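A.B. asks: So that we are looking at the same thing, I have put the structure below in structure tokens.
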Amino acid sequence: TEEGEEAVVALVNGEPITRGAWLQAAALDRAMSRLAEQPTPSPEATLTRLVSERLVLRAAQEAGLTLPPTEEAETWITDWLAQLDLDETVLEEALAQVGLSRAELTAAIRRLLLVAQAQATLPPDGDVEAWLNSLYAQAEVSVLRPLAAAPPSAPPPTPVPAAPPTVAPQVGASAPDFSLQALDGSTYRLSALRGRPVILYFWATWCPACQGDLSLLQETYRRYAPQGLIVLAVDLREGAGTVQPIVQTLDLTFPILLDPAATVGEKRYQVRALPTTLFLRPDGLITARHVGPLSERLLEDVLTALITTGREK
């Protein structure tokens, strides 16, 4: 079924991340973060960790690296508990509370140790961030279900972070300015749109959920444009020849911007999966960030607040 554990929540280069894998990762994250007294990150941060792990493990496999022995993972767990001044009983209780076994924890730590080994040995010149960014640049990562529907989680402590250290612009922050050329040849600068609510939508033609979203955004734009709303759909890493047919087929009338090197999407906005949508207040502050397919209910709820804010200003 759609809600079954085999349901696919995301694709990484065509390989699925199932709901079961998501639930297990989230459960393990909750247990480990509770023990370490760590804050809970956003669903997007959890997805980024999972995607990063998949990409790094594939690179490790191609380089001939293999999972460390179980004993090494057990040693890491023992040392980690000692650092927190906790014992095995507390760990077992925490795992039981989220329905996970010690074997599942050990398997996860083995993967994380391999990620750490890959990040320590594979990046040219030791530049981990640049190497991770290059993996993302070559990857196709699409989200098939709204992340809000997935359980909240927190990343377990790892020897080396699996995700790029650069932080994505968060809710409440000012949206980074940029200037991009549109499909019709005109140029749009985000800061020039101050005073109007903005939907900033990152997409690509290969993204399974994006065409449905674009149709929904077109209807939303038609409805709310008289109230000042502007929709900017930013295509990542594709040219006009690839994008134009979809725009014509869907009869889109809002601006379609091209980000062929993903300098805006991947670098300034740290977009790691498509589709990713940001909702901006008229003053340029980010009021919501959503990863995954859109829905009429989501757009209605967010835009009602945005339009109201615009009137109050």
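The values are calculated or read from the model by the stated rules, or taken from the named source; none is laboratory data. Quick caveat: nothing in here was measured; it's all calculated off a predicted structure. Neighbour counts are summed over all protein chains in view; Cβ atoms, including those assigned to glycine, are modelled from backbone coordinates with ideal geometry.
A.B. asks: Among the candidates LEU35, LEU47, LEU67, LEU57, single out the residue that is touching a residue at least 40 places away in the same chain (Cβ under 8 Å) and either crowded, with 21+ Cβ neighbours inside 10 Å or out of contact with any helix residue (DSSP H, G or I) (no Cβ under 9 Å at 6 or more places or on another chain) (or both).
C.D. replies: When all the criteria are applied, what remains is LEU47.
A.B. asks: Among the helices (runs of 4 or more DSSP H) confined wholly to region 1-97, which include 2 or more residues that are in contact with a Ser or Thr (Cβ under 6 Å, 6 or more places away or on another chain) and not β-branched (Val, Ile, Thr)? Outline the logic, then answer.
C.D. replies: Numbers: elements: 19-36, 43-62, 70-84, 88-97.
In region 1-97, the matching helices (runs of 4 or more DSSP H) lie at 19-36.
A.B. asks: Here is a list: ALA261, ALA305, ALA225. Which entry is surrounded by fewer than 17 Cβ atoms within 10 Å (Cβ to Cβ) and in a loop (DSSP other than H, G, I, E, B)?
C.D. replies: Just a single option satisfies the conditions, and that option is ALA261.
A.B. asks: Take the conditions at negative phi, among the charged types (D, E, K, R) and within 20 Å of the chain's Cα centre (by Cα) and apply them to ARG268. Does it pass?
C.D. replies: Answer is yes for this residue.
A.B. asks: If you scan region 205-240, which residues turn out to be at pLDDT below 95 and among the β-branched types (Val, Ile, Thr)?
C.D. replies: Result: THR205, single match.
A.B. asks: Please go through (1) surrounded by fewer than 17 Cβ atoms within 10 Å (Cβ to Cβ); (2) at pLDDT below 90; (3) assigned to a loop (DSSP other than H, G, I, E, B) for ASP283 and return the number of the only condition it doesn't satisfy.
C.D. replies: Answer for ASP283: the failing condition is (2).
A.B. asks: Under the condition of being part of a helix (DSSP H, G or I) and either farther than 18 Å from PRO208 by Cα or among the acidic types (Asp, Glu) (or both), which residue from region 237-247 is farthest from the chain's Cα centre (by Cα)?
C.D. replies: GLY241
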